[in-house]
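Undergrad: One structure follows; several queries about it will come next.
The values are calculated or read from the model by the stated rules, or taken from the named source; none is laboratory data. A quick note: this is a predicted structure, and the numbers were derived from the prediction, not measured. Positions of Cβ are backbone-derived with ideal geometry, glycine not excepted, and every protein chain shown enters the neighbour counts. These accessible areas exclude ligands, DNA and RNA; they are computed on the full protein's heavy atoms, side chains included. Shrake-Rupley method; radii C 1.70, N 1.55, O 1.52, S 1.80 Å.
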Amino acid sequence: MSAHSTTENTGEYIPETYIPTAVSHGTGELWKTFWILLGITIVDFIIYFSWPSSMPMMARNITFICLGIVKAYFIIGTFMHLKYERMFMILMLILPAIVFLGMLIFGLLHEGNALSTY
Amino acid sequence: MSSHTAVAETQTQWAGGRSPFNVSYGKLMMWIFLLSDAFTFSSLLVAYGAIRFSYSTDLFTPWPDPAQVFNHFPLAHGIHLPLLFVSLMTLILILSSVTMVLAVEAGARMDKKAVGFYMLLTIVGGAMFLGCQAWEWTQFIGEGARLDQNFFGFTASAAEHAQQLGFGDKVHWTPADRVPGPVPFASLFFIVTGFHGFHVLSGVVFLIIIYLNVVFGTYERRGHYEMVEKVGLYWHFVDLVWVFVFTFYYLI
């Protein structure tokens with residue numbers, strides 16, 4: 001059994017079947033991330049019900065989006081293991097997403113008034 | 001000297017030295033697929049934002065307030081409980097993400113029994129989420145929402161909106177009115193949550209296939225649990241998308 005796995009991992013290098021050995025980082029960080037995500041969701045819940053009507057709704061919406069991005073950081077970084085990957089792999093995935101989203105949001109904000117139904 | 005020749009050989013195979021980014025082919029392709037899927041979902045969500053914005057100055061067909069629409073909870077008929085049910089759905093999905101990542105961690109330790117156990121919990125979580133979404137859809141459809149119709153027109157929030165714009169006393173608004181509202185509210189809800197729910201459904205199917213392989217010892221024989229890691233990446237992505245669907249549909 002173990003002989004089989006060692007030949008696969010360290011023997012002749014075949015790109016299609018090459019598997020870097022998986023490393024366990026323990027479960028402590030995973031549970032910590034869960035409590036952070038749960039905490040942020042509870043903060044969302046509290047803000048939703050206790051936002052004073054005297055303050056602008058735009059500020060509330062920006063807060064929700066920022067909290068969403070924080071949640072995304074923890075899901076991608078810890079759960080999807082991305083923060084342990086190579087820097088250039090992170091850039092390969094994050095940069096196109098930022099460029100695409102940035103252009104899309106800028107475009108639709110810029111042309112948004114033209115869509116108005118009233 | 002011998003190590004130099006080994007490097008030269010690998011370079012002819014990948015034409016780029018060792019496996020790029022030190023991840024396997026399958027995992028890299030899963031990441032690239034998820035990137036493209038992220039483009040699709042962000043397009044849908046940005047389209048939602050733009051269409052919703054286009055109604056922001058519309059006095060007669062104002063965009064409905066989600067708190068007035070998604071305010072039901074099972075076994076609590078007629079009680080106004082906004083956000084509670086979707087928060088429960090979020091909790092279920094986050095918990096299933098945790099059990100998934102625990103399965104991946106157990107896989108790194110080659111602990112077959114623990115991988116199977118945590119994957120089973122993840123499948124249960126996914127199925128619970130799908131059940132919740134089916135219930136939510138049933139409520140919404142029961143109130144007259146279709147892909148091409150929406151009866152959340154003039155609501156209390158619309159009246160408030162009219163007050164802010166200074167037209168409050170010109171129209172009579174009652175919250176109980178069920179008149180046609182903006183159609184994209186319903187169609188975008190069905191398209192985006194439907195697209196996400198379909199991802200969850202296919203994720204559950206993938207999880208069941210991988211779970212059966214774990215139980216039958218396929219990965220034990222193969223010597224590694226990388227398939228669990230790959231299906232885990234997909235599952236966490238589904239959770240990630242839900243975070244933004246939750247933010248844009250229910251919170252904002």
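Undergrad: Cross-link candidates for B:Lys27: which lysines have Cα within less than 23 Å, leaving aside residues fewer than 8 places away along the same chain?
TA: Reachable lysines: A:Lys71, A:Lys83, B:Lys112, B:Lys230.
Undergrad: Taking all protein chains together and a probe of 1.4 Å, list B:Met100, A:Met58, B:Met227 from the most accessible to the least accessible. Display every interim value, and only then the final one.
TA: Numbers: B:Met100 0, A:Met58 125, B:Met227 60 Å².
Result of the area sort, largest leading: A:Met58, B:Met227, B:Met100.
Undergrad: I've got another one for you. Counting only heavy atoms of the protein chains, get the accessible area per residue of the stretch A:22-82 (1.4 Å probe) and round it to a whole Å² value.
TA: That works out to 52 Å² per residue.
Undergrad: For the stretch B:200-252, taking Cα atoms only, what is the radius of gyration to one decimal and the Dmax to the nearest whole Å?
TA: Answer for the stretch B:200-252, Rg first and Dmax second: 14.6, 49 Å.
Undergrad: Name the residues of the stretch A:88-118, by number, that are at least 50 Å² less accessible with every protein chain in place than in the isolated chain; the surface is that of heavy atoms, probe 1.4 Å, without ligands or nucleic acids.
TA: Buried-area filter returns A:Met89, A:Met92, A:Leu93, A:Phe100, A:Thr117, A:Tyr118.
Undergrad: If you add up the charges near B:Val104, with Lys and Arg at +1 and Asp and Glu at -1, over every other residue whose beta carbon is less than 13 angstrom from its beta carbon, what do you get?
TA: -2
Undergrad: Chains A and B: buried accessible surface, both sides, probe 1.4 Å, rounded to 100 Å²?
TA: Buried area between the two chains comes out at roughly 5500 Å².
Undergrad: How do A:Cys66, B:Cys132 stack up against each other in accessible area, from largest to smallest, with a 1.4 angstrom probe? Spell out each step's value before the answer.
TA: On the way: A:Cys66 70, B:Cys132 20 Å².
Largest accessible area first, the list is A:Cys66, B:Cys132.
Undergrad: With a 1.4 Å probe and all protein chains left in place, how much accessible area per residue does the stretch B:180-252 have, in Å²?
TA: 30 Å²
Undergrad: Here is a further query. What trypsin sites (Lys or Arg not before Pro) in the stretch A:24-118 are in a loop by DSSP, with at most 16 other Cβ atoms within 10 Å of the Cβ?
TA: On the way: sites: A:Lys32, A:Arg60, A:Lys71, A:Lys83, A:Arg86; in loops: A:Arg86.
Those that pass, being in a loop and sparsely packed, are A:Arg86.
Undergrad: Where does the stretch B:23-251 land on Rg(C-alpha)/(2.2 N^0.38 Å)?
TA: Numbers: Rg = 21.2 Å, N = 229, 2.2 N^0.38 = 17.3 Å.
In units of the 2.2 N^0.38 Å rule of thumb, it is 1.22.
Undergrad: Also: If you plug each phi of the stretch B:130-146 into the Karplus form 6.51 cos²θ - 1.76 cosθ + 1.60 with θ = phi - 60°, what whole-Hz ³J(HN,Hα) values come out, in order, with x for Gly and Pro?
TA: 4, x, 4, 5, 4, 5, 4, 4, 4, 4, 5, 5, x, 8, x, 7, 9
Undergrad: Right, another one. Ignoring ligands, DNA and RNA, please state the percent of accessible area on the stretch B:23-251 from carbon and sulfur, probe 1.4 Å.
TA: 70 percent
Undergrad: Something else: Rounded, prolate or oblate: which fits the stretch A:11-104, taking a ≥ b ≥ c as square roots of the Cα gyration tensor eigenvalues, rounded meaning a/c under 1.5, else prolate when a/b beats b/c?
TA: Values: a/c = 5.32, a/b = 1.86, b/c = 2.86.
In terms of gyration-tensor shape, oblate.
Undergrad: Relative to the isolated chain, which residues of the stretch B:222-239 have their accessible area cut by 50 Å² or more in the presence of all protein chains (1.4 Å probe, heavy atoms, no ligands or nucleic acids)?
TA: Residues passing the criterion (a loss of at least 50 Å², heavy atoms only) are B:His224, B:His236.
Undergrad: Accessible area drop of at least 20 Å² (1.4 Å probe, protein heavy atoms): which residues of the stretch B:103-149 qualify, relative to the chain alone?
TA: By number: B:Glu105, B:Ala108.
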